[in-house]
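Peer 1: Quick one: structure below, then a few questions.
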Amino acid sequence: MSGEAKPILVIGGGIAGITAAVEAAEVGYQVILVEKDAFLGGRVMRSYKYFPKMCPPTCGFEINTRRLRRNSRITVHTLATVEQVSGKAGDFKVKIKKRPRYVTGACSLDDSIAEQLTSERPDDLNLGMGTTKALYYPHDMAFPPLHMLDRDALSESDAQTLTKVAPAGAIDLTMTDEEIEVDVGAIIVATGWRPYDATKLDNLGFGQCENVVTNVMMERIADPRGPTGGKIVRPSDGAPAVNVAFVQCAGSRDENHLPYCSAVCCMASLKQARYLREHNEAARATIFYIDIRTIGRLEKFYYNLLADANVAFVKGKVAKITEDPGSKDLILDVEDTIAGHKPEQKFDMVILATGIVPNTVDVKIPFELEYDEYGFIDGATDVEGIYAAGCAKHPCDVSRAAKESTAAALKAIQCVNRG
Ligand SMILES: Cc1cc2nc3c(=O)[nH]c(=O)nc-3n(C[C@H](O)[C@H](O)[C@H](O)COP(=O)(O)OP(=O)(O)OC[C@H]3O[C@@H](n4cnc5c(N)ncnc54)[C@H](O)[C@@H]3O)c2cc1C
């Protein structure tokens, strides 16, 4: 049956999309995986470690890249987006646009070539904290294992340098957009999420107070591959962040911002309090919360932190964050609703636990699909032949994203078999 079936298209190469692709391909189905970035892995690749096991994302990713590599039934298109979808379940026609990488892959490049360039660009793996050269290798585990050239950032003199120093055929500055048309039988949408824009939280000081950062920034700061080499330090002066506040529901469960719970922010802050404590045994974390939600039976992770005398939990919603102009310390306006008083505390650094916004808020799938009022693809109203998985559907952790994408792969297989 699988030999005659049309391929399955997977849009989005994060953990949900990769899982759907390998699961479908390993039972014999052709899969086309389309990812808009230069490499696969999505948001998880931008984490330092992931709960509950606290292993680096590269562990799971290594297994997945092995599965991708050894399966000839999967075609991966990076730097690619779906521009048009027409047809119906069992018979979709899809137009894919691929942006140029300017790196051919015909021969390998080494970092000494990039080092000869002066043109730089914001380091998007590190969320703009720091820069890379215009020619860069996205990260140690990049898949596909190719450099990327940011043509817009490359100066004319660096373009000339490249023609001299790069091996012949390795770089092609004449590459242009490419359009591909494919026929597929079913589509899995795994386009994931982006963080809520913390600059919209005027009261919480992001963008105004230097030492207020977000939870996604903290993932990069704690990571040895990150902008500070893994040192948890204050952006204002590079001093170790010893006394750190975590502000839960920063915009989430708030009618003015994201009315829903993002499901993972409590666990993310608990995990980051562990980063802090493992990094510096004198460090103290104070977590300001409405209530702690360890969704997915992960209470033990929370109980372990409760036993740590250097981690305090304060039930109270932070109303305002201001900065001491001299020290750049942060002053929180918050009432401890259990103790019934306002603690007078200053912190070295504050981490805002901002929530999850579906990428489909910004870019819709070019086909008539139902979205809920927040932009997530509403699973209850699936169009036949198109199935959503992971954070495209709702906020969720990796374990749930992987299970749902396996389920979506099964639905897609049933669909292509019906023809
Ligand atoms: C601060 C924080 C820490 C977290 N830590 C953990 C943790 O420790 N453990 C855990 O289990 N979970 C954690 N999570 C949740 C975890 O990040 C998600 O479960 C996971 O990212 C979901 O994967 P996904 O594939 O659905 O989405 P994503 O990771 O967002 O991947 C989506 C992919 O689709 C691509 N894409 C988007 N739009 C398009 C398009 N139009 N065309 C083509 N490609 C597109 C994106 O570039 C991306 O590669 C954390 C979340 C936060 C906020």
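Peer 1: Filter region 18-55 for residues that are of a type in the set (Phe, Trp, Tyr) and over 27 Å from Glu179 (Cα atoms); which is farthest from the ligand (Cβ to nearest atom)?
Peer 2: Here the residue is Tyr48.
Peer 1: Just a yes or no: is a residue in region 233-246 more than 30 Å from Pro138 (Cβ to Cβ) and within 13 Å of the ligand (Cβ to nearest atom)?
Peer 2: Among the residues of region 233-246, not one is more than 30 Å from Pro138 (Cβ to Cβ) and within 13 Å of the ligand (Cβ to nearest atom), which makes the answer no.
Peer 1: A further question on this structure: What strands (runs of 3 or more DSSP E) completely inside region 256-360 contain at least 2 residues that are surrounded by 21 or more Cβ atoms within 10 Å (Cβ to Cβ)?
Peer 2: Values: elements: 284-289, 311-315, 320-323, 330-333, 349-354, 356-358.
Of the strands (runs of 3 or more DSSP E) lying wholly inside region 256-360, those with at least 2 residues that are surrounded by 21 or more Cβ atoms within 10 Å (Cβ to Cβ) span 284-289, 330-333, 349-354, 356-358.
Peer 1: Testing Val189 on (1) touching a Pro at 6+ places or on another chain (Cβ under 7 Å); (2) not assigned by TED's automatic domain parsing to the domain that holds Val264, one condition comes back false. Which one is that?
Peer 2: Condition (1) is where Val189 drops out.
Peer 1: Name the pairs whose Cβ atoms lie under 7 Å apart, with the first residue in region 270-284 and closer than 13 Å to Asn310 by Cα, the second basic (Lys, Arg), and 6 or more positions between them or separate chains?
Peer 2: Within 7 Å, the pairs are Ala283/Arg277.
Peer 1: Residue by residue through region 149-182, note down the ones that are out of contact with any Phe, Trp or Tyr (no Cβ under 9 Å at 6 or more places or on another chain), assigned to a strand (DSSP E or B) and either over 30 Å from Glu4 (Cα atoms) or more than 16 Å from the ligand (Cβ to nearest atom) (or both).
Peer 2: Passing the criteria: only Glu181.
Peer 1: Further question on the same structure: Would you please name the residue that is farthest from the ligand (Cβ to nearest atom), looking only at residues in region 339-361 that are aliphatic (A, V, I, L, M) and over 23 Å from Arg274 (Cβ atoms)?
Peer 2: Only one residue fits best here, namely Ala339.
Peer 1: Further, regarding this structure: Can you report the number of residues in region 15-46 which are hydrophobic (A, V, I, L, M, F, W, C) and assigned to a helix (DSSP H, G or I)?
Peer 2: Adding up the residues that qualify gives 10.
Peer 1: Going by the conditions given, is Ala412 in a helix (DSSP H, G or I), more than 10 Å from the ligand (Cβ to nearest atom), at pLDDT below 95 and assigned by TED's automatic domain parsing to the domain that holds Tyr29?
Peer 2: Criteria not met by Ala412.
Peer 1: So for region 183-196 (the condition being among the charged types (D, E, K, R) and assigned to a loop (DSSP other than H, G, I, E, B)), does at least one residue qualify? Please lay out each step first, then the result.
Peer 2: Keep residues of region 183-196 that are among the charged types (D, E, K, R), which gives 183, 194.
Next, only the ones that are assigned to a loop (DSSP other than H, G, I, E, B) stay: none.
The answer is no; no qualifying residue exists.
Peer 1: Related question: Identify, please: which residue in region 197-227 is without any contact (Cβ under 8 Å) to a residue 24 or more places away in the chain and either surrounded by 15 or more Cβ atoms within 10 Å (Cβ to Cβ) or assigned to a helix (DSSP H, G or I) (or both) and is, among those, nearest to the ligand (Cβ to nearest atom)?
Peer 2: Here the residue is Thr199.
Peer 1: Which numbered condition trips up Lys364, out of (1) out of contact with any Pro (no Cβ under 9 Å at 6 or more places or on another chain); (2) within 10 Å of the ligand (Cβ to nearest atom); (3) in contact (Cβ under 8 Å) with a residue 40 or more places away in the chain?
Peer 2: Here Lys364 clears every test but (3).
Peer 1: Would you point out the residue of region 47-77, among those that are hydrophobic (A, V, I, L, M, F, W, C) and assigned to a helix (DSSP H, G or I), that is surrounded by the fewest Cβ atoms within 10 Å (Cβ to Cβ)? Lay out the reasoning, then the answer.
Peer 2: If we filter region 47-77 for residues that are hydrophobic (A, V, I, L, M, F, W, C), which is where we start, we get 51, 54-55, 59, 61, 63, 68, 74, 76.
With the extra rule that they be assigned to a helix (DSSP H, G or I), the set shrinks to 59, 61, 63, 68.
Details: Cys59: 12, Phe61: 20, Ile63: 10, Leu68: 21.
Per the stated criteria, the residue is Ile63.
The values are calculated or read from the model by the stated rules, or taken from the named source; none is laboratory data. Please read these numbers as outputs of a predicted model, since none were measured by experiment. Using ideal geometry, Cβ is built from the backbone for each residue, glycine included, and neighbour counts are taken over all protein chains shown.
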